[in-house]
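Notes follow the structure.
The values are calculated or read from the model by the stated rules, or taken from the named source; none is laboratory data. Everything numeric in this text was worked out from a predicted model, so none of it was measured. We place every Cβ from the backbone using ideal geometry, glycine too, and count neighbours over all the protein chains shown.
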Amino acid sequence: MTSETAEPNSSLSEERLRLVVEAAPSGMIMVDELGRVVLVNSQVERMFGYSREELLGESIDLLVPSSVRAKHPCQRAGFFADPKARAMGAGRDLYGQRKDGSQLPVEIGLNPLMTDGERFVLASIVDITERKHSEALLQEKLLELQRSNEDLQQFAYVCSHDLQEPLRVISNYTQLLARRYSDKLDQDANDFIDFTVDATRRMQELINDLLLYSRVDTKGKEFVSTDCSQIVAMALANLKVAITESAAVIEFDELPIVGADSSQLLQVFQNLIGNAIKFRSDANPVITVSAEDAGKNWLFSVKDNGLGFDMKYGERIFVIFQRLHTKEMYPGSGIGLAVCKKIIERHGGSIWAESAPGKGAKFSFAMPKLAEATRVGI
Amino acid sequence: MNKRIRVLLVEDSRADARLIVEVFKEEQINVDVDIVRDGEEAMAYLYRQGQYEAAPIPHLIILDLNMPKKDGREVLAEIKSDAALSTIPVVILTTSQSEEDIQKSYKLHASCFVTKPLDLEKFVAIIRSLDSFWFKAVRFPANI
């Protein structure tokens, strides 16, 4: 069954080796200096479709694809010239050849082995068909993602330029109509012109908002150490007029430092605090901005004593252009929270709201804590 | 001073070109305006080629950037590299808001860069300042 020369001398340690090889989860082949197979496990049988009997005593080249078989003896000699444990063909794609001639992608680890003065190499073989498949799939998905990102950028450009062109013409000419002919037209005609002018203005706003929304990803900046107390102070400065007019009281403790795109984080705080003022009740707005340590994340919240809303709209308010009030009551296109959501998600966090009609609202978002590496040099 | 001011308007959009003419009318701005629809026509006009054999040299060129065939950037570069034409002031009037376009236009010696506004009132204000500055205050070189 096995030739004498190929069989390592029997001993207790050899029997142990055999057991270890058999129990290994990967394919194991032991080869002598001449390249003859002296030991295989059942994984190899399964992988290559040969029985143990067919392999023992045969040249290992049997399992090497015919296209590279010629080089193999030379490479094996190279290994025995400098025998140390290493991965075979690092950086190259390796394949094995099955009995039926088909090939399988493999990863091979080589280990030199001495038994009774004879030198062997023990090869551990892993079938990486599945991994190759996942890698190809991942690559495909990455390309898909890249394409869709490019589409989005293209879309942003179309919005900013191509859509605005005809809109500007409509807007300019309706205004010219009003300017030149309003005293020659009756009230109806003037109303119709007003509606058209209004609609073009609103469309311009929507286009700008869409652009703003798509730029969260396409124009986002790198994350840097950002002091949230400073950011909130900036947001309050930007909202000064609204705060004064509504006599709003805004309280905030010392807030943490996070890794963030600071201008985007400013946008988030400004939108949330701005909303808290905008959707106020009859009482003067009292708004609390706070942060708590939640392990891996910082948990921020902006709490108000305003109108609040029914929680059945809890998800909808974060969808672009979704509004809970008429334009006449509360102006705006319904972009603010959608932008907040997109920004927080870009930072690896999440945002949600808790509220009830007449009970105020609390908007919370979780942000991953600043990575240690970025903390250096604050 | 009694010489009428001649403007060459290079604008591919008929609506935009007409709007400028209409606002000139609204504001009673009395200048001669010739309109060409792309960069190639503009250069033919300035070099007095083909149908433009008898074209006058304009005092001022109002130039759009995004046009078919030869765009405004190429036209500007060509005007400013021609000894005879390079003294003509060029006002860029475009929908572009890109910093790249602004930089490039000034590098190519545009006299100024104006973005077309959506609102008519703002557009009228721009035309008014064009009038009070370029058509009333500015002195043009004698060779024009």
Condition first: farther than 12 Å from residue A:125 by Cβ and assigned to a strand (DSSP E or B). Now tell me which residues in the stretch A:38-59 satisfy that. A:38, A:39, A:59
Output yes when any residue across the stretch B:60-67 is assigned to a loop (DSSP other than H, G, I, E, B) and under 20 Å from residue B:133 (Cβ atoms), and no when none is. yes
In the stretch A:293-332, residue modelled with the highest pLDDT [restricted to those that are small (Gly, Ala, Ser) and surrounded by fewer than 20 Cβ atoms within 10 Å (Cβ to Cβ)]: A:301
Test: residue in the stretch B:106-116 that is more than 14 Å from the chain's Cα centre (by Cα), modelled with pLDDT under 95 and either within 13 Å of another protein chain (Cβ to nearest Cβ) or within 16 Å of residue B:30 (Cα to Cα) (or both): no
State yes or no: is residue A:309 of a type in the set (A, V, I, L, M, F, W, C), assigned by TED's automatic domain parsing to the domain that holds residue A:249, free of Cβ contacts under 8 Å to residues at least 40 places away in the same chain and in contact with a strand residue (DSSP E or B) (Cβ under 9 Å, 6 or more places away or on another chain)? no
Quick one: residue B:34 ticks every box in (1) surrounded by fewer than 17 Cβ atoms within 10 Å (Cβ to Cβ); (2) touching a residue at least 24 places away in the same chain (Cβ under 8 Å); (3) in a helix (DSSP H, G or I) except a single one, so which number is it? (3)
Given the criterion in contact with a strand residue (DSSP E or B) (Cβ under 9 Å, 6 or more places away or on another chain) and in the same structural domain as residue A:361 (by TED's automatic domain parsing), identify the matching residue among A:246, A:281, A:290. A:290
Determine, yes or no, whether residue B:96 is among the hydroxyl-bearing types (Ser, Thr, Tyr) and without any contact (Cβ under 8 Å) to a residue 24 or more places away in the chain. no
Over the stretch B:76-105, the set of residues among the polar types (S, T, N, Q), away from chain A (no Cβ under 14 Å) and either farther than 26 Å from residue B:15 by Cα or not in a helix (DSSP H, G or I) (or both) is B:81, B:86, B:87, B:103
Which one of these is surrounded by 14 or more Cβ atoms within 10 Å (Cβ to Cβ) and acidic (Asp, Glu): A:186, A:209? A:209
Can you tell me how many residues in the stretch A:164-201 are polar (S, T, N, Q) and within 8 Å of another protein chain (Cβ to nearest Cβ)? 5
If I ask for residues that are farther than 19 Å from residue A:321 by Cβ and aromatic (Phe, Trp, Tyr), which ones from the stretch A:182-224 would you list? A:192, A:195, A:223
Which condition number does residue B:86 fail, the rest of (1) of a type in the set (Ser, Thr, Tyr); (2) in contact with a helix residue (DSSP H, G or I) (Cβ under 8 Å, 6 or more places away or on another chain); (3) touching a residue at least 24 places away in the same chain (Cβ under 8 Å) being met? (3)
Being crowded, with 16+ Cβ neighbours inside 10 Å and outside any helix (DSSP H, G or I) is the filter; apply it to the stretch A:66-89 and report the residue that is modelled with the highest pLDDT. A:83
